[in-house]
Amino acid sequence: MLRLMLGDDHEVVRTGLATVRALEEDLTVACEAASGEEALARLESSPVEVVLMDVMMPGMGGVAACREIRDRFPAVRVLMLTSSSDDEAVLSSLVAGACGYLLKNVRRE
């Protein structure tokens, strides 16, 4: 079972992602975070294999949090969420250590 953290400052997005996740038998949402700082704190007490995190969040944004997660928790893989296909946000995420990114407007499949 793959343990997942959902990181997004919008609760409705986290709820929607958790609902889609429920359709997959081999995934479980271990924790959620509404900011980069909260994601780092949650990783201390709730280990996960994958973090699915929004690029834009208040306080420490997703890109900075990704960099910090990769430094402090090198086994954790980070996938970034973004609402735009802005090349700069995508490139910044990949340079920070993200394994990839997902657009928020993609279909479940």
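The values are calculated or read from the model by the stated rules, or taken from the named source; none is laboratory data. Just so it is clear, the structure is predicted and the values come from calculations on it, not from any experiment. All accessible areas refer to the heavy atoms of the entire protein, side chains included, with ligands and DNA or RNA removed. Shrake-Rupley method; radii C 1.70, N 1.55, O 1.52, S 1.80 Å.
Hydrodynamic radius of region 33-82 by the Kirkwood approach over all distinct alpha-carbon pairs: 10.4 Å. Relative to the current alpha-carbon distance between Leu2 and Asp26, full extension at 0.36 nm per residue lengthens the span by 8.0 nm.
Between the amide H of Ser83 and those of Lys104, distances stay under 5 Å, these residues lying 5 or more places away or on another chain, with hydrogens modeled in the peptide plane.
Scaling against 2.2 N^0.38 Å puts the C-alpha radius of gyration of the chain at 0.96. Relative contact order of region 47-109, taken over Cα pairs closer than 8 Å and 6 or more residues apart, is 34 percent. In the context of the full set of protein chains, the chain has a per residue accessible area of 57 Å² (1.4 Å probe). The H on the amide N of Tyr101, modeled in the peptide plane, is under 5 Å from the matching H of Met80, each at least 5 residues off or on a different chain. Just the protein heavy atoms count here, and of the accessible area of the chain at 1.4 Å, carbon and sulfur take up 54 percent.
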